[in-house]
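Visitor: Have a look at this one.
Every read-out reported here was derived from the displayed coordinates using simple, explicitly stated rules and does not represent laboratory data. Here the structure is a predicted model, which is why all the values come from computation and not from measurement. Neighbour counts are summed over all protein chains in view; Cβ atoms, including those assigned to glycine, are modelled from backbone coordinates with ideal geometry.
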Amino acid sequence: DTEVTQTPKHLVMGMTNKKSLKCEQHMGHRAMYWYKQKAKKPPELMFVYSYEKLSINESVPSRFSPECPNSSLLNLHLHALQPEDSALYLCATAWDRDQGNTIYFGEGSWLTVV
Amino acid sequence: EDQVTQSPEALRLQEGESSSLNCSYTVSGLRGLFWYRQDPGKGPEFLFTLYSAGEEKEKERLKATLTKKESFLHITAPKPEDSATYLCAVQAQKLVFGQGTRLTINP
């Protein structure tokens, strides 16, 4: 069983809506990640937080806004999304960003933009 | 540029028919190679981490091996429940995924 919990599991939103995806981990990991995955493609890195600070933004459009309120929580705020943003959004964690540590994924949040 | 290539893209086996999945990579400064299993609509499930050439790890019907240029995921006497997409990823400056192998085990 994964120790990375994502909510909601499914989300349908209109292009003018504001919504948030949430991720919680209780493994004491210091690195947290957001990935986006389209059908039949591997996960694509969006953001990396290390010790609660944003360390990598992979040129993600500003309609996606990450937030790390504390060491256990990671949010992804969504605003004015496009239909092509529909995908599986994965939260992941690792002990440390830089040491080749295993990255553990949550079950994901399915997002549909209508 | 760091690259990971998985083959085959898709593989169909009969139950009990053993085979291997390949992951070849070119990275500068390998920090780890990871295998994940992903079921449709779910997040990747961690299977193995390998760090150095010659290393091997096993879990039930799966065995992962690593050389300087590639890794193999051997599946012995597979069952239908082993059907999934298997993802290989290498950690260099960042985690780079291969495209995955879609494995189907027919009863």
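Visitor: If the viscosity is 1.002 mPa s and the temperature 20 °C, what Stokes-Einstein diffusion coefficient in µm²/s follows for the protein assembly as shown when Rh is the Kirkwood radius over Cα pairs?
Guide: Stokes-Einstein gives a translational diffusion coefficient of 119 µm²/s.
Visitor: Excluding same-chain pairs closer than 8 in sequence, count the lysine pairs in region B:3-93 whose Cα atoms lie under 20 Å apart.
Guide: Close lysine pairs found across region B:3-93: 6.
Visitor: Per residue of A:10-21, how many C-beta atoms from partner chains lie within 10 Å of its own C-beta, taken as a mean?
Guide: 0
Visitor: Right, something else. Can you tell me which of B:85-92, A:15-22 comes out highest on packing, and rank the rest after it, using the mean Cβ neighbours within 10 Å?
Guide: B:85-92, A:15-22
Visitor: Hey, another quick one. Take every DSSP beta bridge with both residues inside region A:4-113 and express the antiparallel ones as a percent of the total, to the nearest 5.
Guide: 90 percent
Visitor: To continue, here is another question. Which of rounded, prolate or oblate describes region B:3-93 when judged by the alpha-carbon gyration tensor and an a/c cut-off of 1.5?
Guide: prolate
Visitor: Can you run phi through the Karplus equation (6.51, -1.76, 1.60; θ = phi - 60°) for region B:23-29 and list ³J(HN,Hα) in whole Hz, with x for Gly and Pro?
Guide: Values per residue, Gly and Pro as x: 9, 9, 9, 10, 9, 9, x Hz.
Visitor: Here's something else I'd like to know. Starting from the 7 Å offset along Cα-to-Cβ, what nm value, one decimal, do you get for the label separation of residue B:55 and residue A:57?
Guide: For the pair residue B:55/residue A:57, the computed spacing is 3.4 nm.
Visitor: Also, quick follow-up: Kirkwood Rh over Cα pairs of chain A into Stokes-Einstein at 25 °C, 0.890 mPa s: D in µm²/s?
Guide: Using the Kirkwood radius from Cα pairs, D works out to 175 µm²/s.
Visitor: Scan around residue B:32 for amide H atoms under 5 Å from its own, H built in the peptide plane at 1.01 Å from N, and keep only partners 5 or more places away or cross-chain.
Guide: B:91
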